[in-house]
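Report on the following structure.
The values are calculated or read from the model by the stated rules, or taken from the named source; none is laboratory data. Treat the numbers as computed from the prediction; the structure is a model and nothing was measured. So basically every Cβ, Gly included, is an ideal-geometry build from the backbone, and we count neighbours across all protein chains shown.
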Amino acid sequence: MKSIFNIAILFFGLSIAGYSQSNSLVGKTFGDGDILPYVNVYLKNTKLGSSTDENGVYEIKNIPNGSYTVIISSIGYKTKSVVITFKGNKKIRKNFTLISDNSLDEVVVSGTLKPVTKMESPVPVEVYSKTFFKKNPTPSIFESLQNVNGVRPQLNCNVCNTGDIHINGLEGPYTFVLIDGMPIVSGLSTVYGLTGIPQALIQRVEVVKGPASTLYGSEAVGGIINIITKKPSDSPKLFADSFSSSWGEVNTDIALRYKISESAQGLLGVNYFNYQNIIDNNNDGFTDLTLQNRISIFNKLNFERKSNKPFTIAFRYVYEDRWGGQTNWNPSFRGTDQVYGESIYTNRWETFGIYELPTIENISFQFSANGHYQDSFYGTDAYDASQFISFGQFVYNKKIKENHDLLLGIAYRYTYYDDNTFATFAQDGITNMPSVTHLPGIFIQDEISFNKRHKLLLGARYDYNSLHGGIFSPRLNYKWSSKDKSDTFRFSVGNGFRVANVFTEDHAALTGAREVEFDGELKPETSWNTNLNYVKKITTENAFITLDASAFYTYFSNRILPDYETDPNKIIYANLDGHSISQGISLNSDITFHDGLSINLGATLMDVSITENGVSKRQILTESFSGVWSISYKFKNSRFTIDYTGNLYGPMRLPLISDTDPRAEFSPWYSIQNIQLSKKFGTNWEVYGGVKNLLNFTPAANSIARSLDPFDQDVVFDQNGQAVATPNNPYALTFDPSYVYASNQGIRGFFGLRYSIF
């Protein structure tokens, strides 16, 4: 009996000892070759877990013996799972390295107007994270897009350096720029509204190439660029980023997260840019870079509701004072014919948001409004304009029978525009008559899932323009993916339309000595586009590779183009009596190595032509080839990063004044290359610096025709108003700054500092 009792005691003791055995798991997490803080590390199907601290350190205690699947996850990185067996009351040290997801599983909204992962979207959407833009820091989103394949920021004036964004060779007015999905940048702001968006607030940028008029209406003919700002809940408490260049540019971004109440959070962003250094390295008597003084204030509010339905509203205000011209210009010469200058004062406000109705059904109201006021002089020509745009739409999303995802919407857009040009004169040519446009519309979209591998998206939109009548635009998208989703094929066809306002969209209509002329009443432009897209994902032991190839074709009718060639003293605007075609192929490749090296390469080969009276010719200021690259390497131990970015452009046909113009008809091949070195200190500080335009490329010094006589005072004209060759003007030129394809800003160094509090 005693032996039995002793055996029982021994068994009980061993059981207690076995049960009391506990283990622990400790280590660090890394991402993209650097310490990764605030990562979730937990044991699957248990309540055991932890989050890494600011130094990437984690520890999980009191783990019973057994085998567990450890899950490591962080926003922006691929989730990792590892099986670990615990026994014998041990402390296991294990470091984990997460791989950036390269936006493959990013949630995108631009293609279908509703959240969907990038791989599941039937519409090809390119996503560029805030990390991508940090590789080549710039003072505006306009300049940041220079490293996106198929997207080119185009300068339109050598004097005031305004510009627009080309997608696949199509001019800026065909590119619809959105902020958080709302149509903010359009009309007047197409020229001056692309600056001043605080970079510190940008979460990602989504790019859709090809017409998106079915969802977004007019202006979304060539494609859309959707700037997605951060949510207050996902932002640091404080973020500051400031850099300056050897040219004297100073740019500062500040973002502050604050709490109004338990259910309301805010995100305040401020951007300030200043450049006041007169430089004329090409000795043409004009500023190489426009002097600017700009401030932008952005405030975003997010309200948490009991229903968990979103309610977000944002505000932005931009003020800018910019001028370019002869180097001895000052504000006292504004509007005079003594010294030539282009001076623009811009005041702009915006508001936009989304409110999901407190209903069982998924119904949301999206809204935006903006006012833009411009006080400007282009030499002696005054241009004062005001514009107000309001937009609202109700969107209803409903799943039907699991395989139909239906989207219905009704929209209304109101546009008021007034200026001091003949564009807003009544028929008597005297009475001022502002332009008022009403644009109600309705759209429908059905996403049909035949199975997990096949999707079909059908959509249609009808808008009624109060000036031009009804416009119908359909779309069709198809997506196929392999079983393992390593191969994805997309096909799309759709119609786009645009109602043009030349003075608000084309800076060339205002600058220089050319006279503006309209040939007939301008009708809405229409286009048909088809696109083939193929994505291949390859995973190896050492790298993650994505290949993204596209072929595109767009056919335009009624296209409105500026004619610089019929009359050298005029810019003639008219609907094209013929057609225009934009076609080409593009390839993107992303390669991320586990050792910290990442490579992004892209190239686009295209042909943009205009056919009129049976004669075809290349479109002005459109390259036939462009290439971009971004190569980065992160040194794990030193937290040191090197970024090498650049682009390459093929020749563009340029707007010559006459047959005797001595300037080259085509631009040369050119490349803008940049290098940046950055170093992180702890989790709060980052120092960066480098060199921009390493090759010191600048356009020819004679890009501005007759820069020494900007008011054409020494030009002799014949009875038809044509310039005549004289000893002082042997090529019969007039002042013209529209011969521009690249910035005159040469090589320069830059240095910056970032600080954040989480």
Pairs where the first residue, in the range 68-97, is at positive phi and the second is surrounded by 13 or more Cβ atoms within 10 Å (Cβ to Cβ), C-beta under 6 Å, 6+ apart: Asn89/Gln21
Any hit, the range 325-341, residues being of a type in the set (Lys, Arg), in contact (Cβ under 8 Å) with a residue 24 or more places away in the chain, closer than 24 Å to Glu249 by Cβ and touching a His at 6+ places or on another chain (Cβ under 7 Å): no
Selection status of Gln713, at pLDDT 90 or above, polar (S, T, N, Q) and either closer than 30 Å to Val57 by Cβ or not assigned by TED's automatic domain parsing to the domain that holds Leu238 (or both): no
Which listed residue, of Asn299, Asn328, is part of a strand (DSSP E or B) and either modelled with pLDDT of 95 or more or surrounded by fewer than 19 Cβ atoms within 10 Å (Cβ to Cβ) (or both): Asn299
Extreme residue, nearest to Gln745 (Cα to Cα), among residues of the range 158-180 that are outside any strand (DSSP E or B) and modelled with pLDDT under 85: Thr162
Cross-chain or 6+ apart pairs with Cβ under 7 Å, the range 292-303 first and over 29 Å from Ile279 (Cβ atoms), then of a type in the set (S, T, N, Q) and part of a strand (DSSP E or B): Lys300/Thr229; Lys300/Thr312; Leu301/Thr312; Asn302/Gln265; Asn302/Thr312
Members of the range 595-621 that are in a loop (DSSP other than H, G, I, E, B) and charged (D, E, K, R): Asp595
Conditions (1) touching a Gly at 6+ places or on another chain (Cβ under 7 Å); (2) within 14 Å of Tyr340 (Cβ to Cβ); (3) of a type in the set (Ser, Thr, Tyr); number of the one not met by Thr698: (2)
Among residues of the range 652-676, those that are surrounded by fewer than 20 Cβ atoms within 10 Å (Cβ to Cβ), within 30 Å of the chain's Cα centre (by Cα) and more than 25 Å from Thr138 (Cβ to Cβ), counted: 2
Unmet criterion (only one of (1) surrounded by fewer than 18 Cβ atoms within 10 Å (Cβ to Cβ); (2) of a type in the set (Gly, Ala, Ser); (3) touching a helix residue (DSSP H, G or I) at 6+ places or on another chain (Cβ under 9 Å)) for Gly269: (1)
Residues of the range 345-375 classified as of a type in the set (A, V, I, L, M), buried (at least 16 other Cβ atoms within 10 Å of the Cβ) and either within 24 Å of the chain's Cα centre (by Cα) or not in a strand (DSSP E or B) (or both), total: 2
Filtered residue count, the range 704-749, keeping only those that are closer than 15 Å to Asp661 by Cβ and among the basic types (Lys, Arg): 1
Residue match in the range 133-149 (condition: among the basic types (Lys, Arg), at pLDDT 85 or above and in a strand (DSSP E or B)): no
Residue in the range 653-672 that is nearest to Leu694 (Cα to Cα), counting only those that are assigned to a loop (DSSP other than H, G, I, E, B) and free of Cβ contacts under 8 Å to residues at least 60 places away in the same chain: Trp669
Qualifying residue in the range 228-246 (condition: under 19 Å from the mean Cα position of the chain (by Cα) and under 16 Å from Ser144 (Cα atoms)): yes
Residue identified as modelled with pLDDT under 80, in the same structural domain as Gln366 (by TED's automatic domain parsing) and not aromatic (Phe, Trp, Tyr) among Ser233, Ser244: Ser233
Subset of the range 88-109 [under 21 Å from the mean Cα position of the chain (by Cα) and at pLDDT 75 or above]: Val109
Answer residue from the range 389-431, given it is among the aromatic types (Phe, Trp, Tyr) and surrounded by fewer than 19 Cβ atoms within 10 Å (Cβ to Cβ) and is nearest to Ile354 (Cα to Cα) among those: Phe394
The range 139-162, subset over 13 Å from the mean Cα position of the chain (by Cα) and surrounded by fewer than 24 Cβ atoms within 10 Å (Cβ to Cβ), residue farthest from Phe735 (Cα to Cα): Gln154
Unmet criterion (only one of (1) surrounded by fewer than 17 Cβ atoms within 10 Å (Cβ to Cβ); (2) at pLDDT 85 or above; (3) touching a helix residue (DSSP H, G or I) at 6+ places or on another chain (Cβ under 8 Å)) for Phe518: (2)
Residue count, the range 675-710 (criterion: among the polar types (S, T, N, Q) and outside any loop (DSSP other than H, G, I, E, B)): 2
Failed item in (1) farther than 17 Å from Tyr534 by Cα; (2) surrounded by fewer than 17 Cβ atoms within 10 Å (Cβ to Cβ); (3) not aliphatic (A, V, I, L, M), with Gly441 passing the rest: (2)
Within the range 711-742, tally of residues that are crowded, with 17+ Cβ neighbours inside 10 Å and assigned to a loop (DSSP other than H, G, I, E, B): 12
